[in-house]
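Let me begin by presenting the structure, written as structure tokens, before commenting on it.
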Amino acid sequence: MNQSCRTEQLCNGQSPRDTVIADDTFLNMHRRHSILFFVTFVLTVASQTTTKADSIVSFKRGKATVNLDINEVPELKEWGTNAAGLALEWHPRICNLLATKDVTPPKTVTLRIIKSEKGIASTQGTTITVSSHWIEKHPEDIGLVIHELVHVIQGYPDGTPFWITEGIADYIRRAIFEGQPQDFFPIPRQDNAYLQGYNTAAGFLFWLESDRGPGIVKSLNSMARNGEYKDTLFVEKTGQPLEALWSEYAKEHSSNR
Ligand SMILES: [Zn+2]
């Protein structure tokens, strides 16, 4: 769950409805005309099916499926549809960013919007749950789906440091998906503030990637997935221990603001 995220104006929530270019009948007709068209279709098709009185809709694109459950809040169908489309679009990208040998991330994700007056979003296994009150107050915050989708794909075992899990989720959301610059990320005036996770850890990882240890996010992801995370990775990758790296990052970037 990401309660520390600032909300942003986002426009990447492409609706799956917008990406549906053909239904099966359409495909069959045109397959006869052109193999090229067929290949194009296979690469771009997204489709949807509806069950349970239109309250759970399955969206598919490539090998990924998002089951949108709006049983409790059918009025939020538009937001949910946009969020499902965004998740489908980013599922293969995040899988590639976090690819490790012999691990196949879940291909099916449930996106559940619940009627609730508290919380923002959370992920349990392959189910992302989003609270209705947050969407009603912050409909622009569709990027929260990227953060939660990272958790589905991470699949880290219990015991993985909180700041690694949440830092990578916000690094992908904020630095990669949103394209935020380094100075977007907060630097609290505390020792080892990266332990707070979220945007603070994400900014630290961003700096490490660009300045001290390119590829370090991929290494952290690999170690975390295998249940082998150790702080010594930072010395191996950068020549400096974790605490010293944070101090340097905080000193260098706090003075620029
Ligand atoms: Zn999170």
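Read-outs: derived from the displayed coordinates by stated rules, not from any lab. The shown structure was predicted, so the numbers you read here are calculated from the model rather than taken from an experiment. Here the Cβ positions follow ideal geometry from the backbone for every residue, glycine too, while neighbour counts run over all protein chains shown.
Once the convex hull of the C-alpha atoms of the range 162-254 is built, how many Å³ does it hold per residue, rounded to a whole number? Display every interim value, and only then the final one.
Working: hull volume 7.6 nm³, N = 93.
Hull volume over Cα atoms, normalised by residue count, gives 82 Å³.
Given q = 0.20 Å⁻¹, what are the Debye log10 I(q)/I(0) values for the range 48-154, with equal point scatterers placed on the Cα positions and solvent ignored?
-0.98
What does the extension gain come out to for K118 and R212, with contour length at 0.36 nm per residue minus their alpha carbon separation? Present the calculation step by step, with values, prior to reporting the outcome.
Values: separation 94, 0.36 × 94 = 33.84 nm, distance 3.93 nm.
Full extension from K118 to R212 adds 29.9 nm.
Along the Cα-to-C-beta direction of H253, a point sits 7 Å from the Cα; which residues of the range 194-235 have their amide N less than 11 Å from that point?
Only 194, 199-211 fall inside the zone, counting backbone N under 11 Å.
Using 7 Å Cα-to-Cβ label points, what is the N96/E178 separation (nm, one decimal)?
2.3
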